[in-house]
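These notes are about the structure you will find just below.
The values are calculated or read from the model by the stated rules, or taken from the named source; none is laboratory data. Note that the coordinates shown come from a computational prediction; the quantities given were computed from them, not determined experimentally. Here the Cβ positions follow ideal geometry from the backbone for every residue, glycine too, while neighbour counts run over all protein chains shown. Surface accessibility is based on the protein's heavy atoms, side chains included, excluding ligands, DNA and RNA. Shrake-Rupley method; radii C 1.70, N 1.55, O 1.52, S 1.80 Å.
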Amino acid sequence: MIRTVITRMPRTTMMTTPRFLSGQGESALHKLQQVMQEYRLEHYTQETPYRFKRDIVTAAKGSDDKIVLESMQRVLHNIGASQRLSEEELRTIFSEVGESGAIPADRMVQLL
């Protein structure tokens, strides 16, 4: 008798960084990802990473499904992380990834 064993491996989440970012942009984006990851591990332990990202983006996006710098600063302030990421770092992310100073919501989900 032959037994089949099925092993489920946990999905790993790869943090992808676009190659077109400058060194400062990559560093700032990595810092944002770290801040969000730490918050997720502390406050969203029962939720999937995608659900967390979607909730963050929903809190930050405007009526046009885009996220502007000020709304992302507000979210960081609301989660107690406004001191961990400078305004200059956020500006770098938005200028390098954004379109006319705003990042589309679906793109932000990918970045987080």
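Which pairs do you get when a residue that is under 22 Å from His77 (Cβ atoms) and basic (Lys, Arg), found in region 42-60, comes within reach of a residue that is open to solvent by less than 50 Å² (accessible area, probe 1.4 Å) and not in a loop (DSSP other than H, G, I, E, B), reach meaning Cβ atoms under 7 angstrom, with the pair 6+ apart or on two chains?
Lys53/Val109; Arg54/Val109
Just one of the numbered conditions (1) at pLDDT below 90; (2) part of a helix (DSSP H, G or I) is not true of Arg74; which one?
Among (1) at pLDDT below 90; (2) part of a helix (DSSP H, G or I), Arg74 violates only (1).
Does region 61-70 hold any residues that are part of a helix (DSSP H, G or I) and either among the hydrophobic types (A, V, I, L, M, F, W, C) or surrounded by 15 or more Cβ atoms within 10 Å (Cβ to Cβ) (or both), and which are they?
Of everything in region 61-70, just one residue is part of a helix (DSSP H, G or I) and either among the hydrophobic types (A, V, I, L, M, F, W, C) or surrounded by 15 or more Cβ atoms within 10 Å (Cβ to Cβ) (or both), namely Leu69.
Does Leu76 count as touching a Lys or Arg at 6+ places or on another chain (Cβ under 8 Å), within 11 Å of Leu29 (Cβ to Cβ) and hydrophobic (A, V, I, L, M, F, W, C)?
Taking the combined requirement at face value, the residue does not satisfy it.
Look at region 79-112 and say how many of its residues are within 15 Å of Lys31 (Cβ to Cβ) and in contact with a Gly (Cβ under 8 Å, 6 or more places away or on another chain).
5
Residues checked against (1) basic (Lys, Arg); (2) surrounded by 15 or more Cβ atoms within 10 Å (Cβ to Cβ):
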site: Leu32; (1), (2): no, yes
site: Tyr39; (1), (2): no, yes
site: Arg84; (1), (2): yes, yes
site: Glu87; (1), (2): no, no
site: Gly101; (1), (2): no, no
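Quick one: is Ile79 touching a residue at least 24 places away in the same chain (Cβ under 8 Å), open to solvent by less than 20 Å² (accessible area, probe 1.4 Å) and not acidic (Asp, Glu)?
Taking the combined requirement at face value, the residue does not satisfy it.
Across region 47-60, what is the total count of residues that are outside any helix (DSSP H, G or I) and either under 24 Å from Gln24 (Cα atoms) or at pLDDT 85 or above (or both)?
0
Out of Ile93, Ile79, Ile67, report the one residue that is of a type in the set (Val, Ile, Thr), in contact with a Phe, Trp or Tyr (Cβ under 7 Å, 6 or more places away or on another chain) and at pLDDT 85 or above.
Criteria check complete, one pass: Ile79.
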